[in-house]
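Note sheet for the following structure.
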Amino acid sequence: ATHSNEDDYEALALGVDVSWNSRDNARTWTASASTSHDKLEPTNEKIPVFVEKEKLDTQSIYFGVSQILSRTALIRLGLSYTYSEGFLTDPYKLRDKRPASHDRMTFTAGYRKYIIDANGAIKADYRFYSDDWGTDSHTITVGWSQSLKIQTFTPYLRYYSQKKTDFFSPIADFNESFYSDDYRLSSFGAFTAGLRWSIELGDWAAEVQLERYRSDSDWSMYGGQEAPALVDFWRGTIGLTWRFD
């Protein structure tokens, strides 16, 4: 159960998941379900809004399986479905108007291969996303996890490509029922280069991660018109974990 509260948004979510193994413990199935009930009350400050109070409900289900292929390799597959109904428009964007429902499906696949002589592992992941707003996307991530005694270094590369929604346009068309100029709904591609470092000291573990993200409309495999506000950024994270019995 999770709850978050902001000046203009409150969300309450409930979720449950279960996993079970085959008799030989070589295969694991996982299933989960969640529901979220959100309340939106936009604040009128520098940007005028015309919405006082709205609601959004979201339900999601997931099913996945992982299979050990050998003592050094495994594969994972997953399928999820999410349905949202309610206020999906951005109240802070002028003329933004989106459908009142949103169907989304996602397929994921992952492969891990440990190289004994190198004391490292190849990591490869693929994600396909599709929704009823006309958006399709592909995400491919490849990395190498190198173990050095109590330390692990993981460099990785990720490519993302997205097809725009049916109602996205950088120029407003008042003849259309739905419209948005949100760059996150446009056609674009993005590359991420990252490095993750972790160290284990007894019951404690520390992790540092640094990423460089760049996006461009020309990098999409679907093509499309230039989108405003595409972003490039650096991101760093630090984590500390304590394990106890």
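The values are calculated or read from the model by the stated rules, or taken from the named source; none is laboratory data. This is a predicted model, so every value here is computed, not measured. Note: ideal-geometry Cβ built from the backbone for every residue, glycine included; neighbour counts use all protein chains shown. Accessible surface areas use protein heavy atoms only, side chains included; no ligands, DNA or RNA. Shrake-Rupley method; radii C 1.70, N 1.55, O 1.52, S 1.80 Å.
Among Asp218, Asp182, Asp203, the largest mean-square fluctuation in a Gaussian network model of the chain, built with springs joining Cα atoms closer than 10 Å, belongs to Asp203.
Packing, as the average of other Cβ atoms within 10 Å across residues, places the peptides 8-17, 228-237 in the order 8-17, 228-237, highest first. Between Glu176 and Ala124, the simple label model (points 7 Å from Cα in the Cβ direction) yields a spacing of 3.7 nm. With a cut-off of 11 Å between beta carbons, the residues surrounding Gly143 carry a summed charge of +3, where Lys and Arg count +1 and Asp and Glu -1. Determine the distance separating the Cα centre of segment 181-245 from the Cα centre of segment 24-47; give it in Å without decimals. So the separation of the two Cα centres works out to 20 Å.
Near Tyr114, once Lys and Arg are set to +1 and Asp and Glu to -1 for all other residues with Cβ below 13 Å from its Cβ, the sum equals +3. In this calculation the C-beta distance from Asn44 to Glu200 is compared with R0 = 35 Å, giving a FRET efficiency of 0.10. Computed extension gain for Lys149 through Ala13, at 0.36 nm per residue and net of the alpha carbon distance, reaches 44.9 nm. Of the heavy-atom accessible surface of the chain (probe 1.4 angstrom), what whole percent is carbon and sulfur? Heavy-atom surface of the chain belonging to carbon and sulfur, 1.4 Å probe: 56 percent. Residues within the reach of a label modelled at Asp232 (point 7 angstrom out along Cα to beta-carbon, backbone nitrogen below 17 Å), restricted to segment 166-193, are 188-193.
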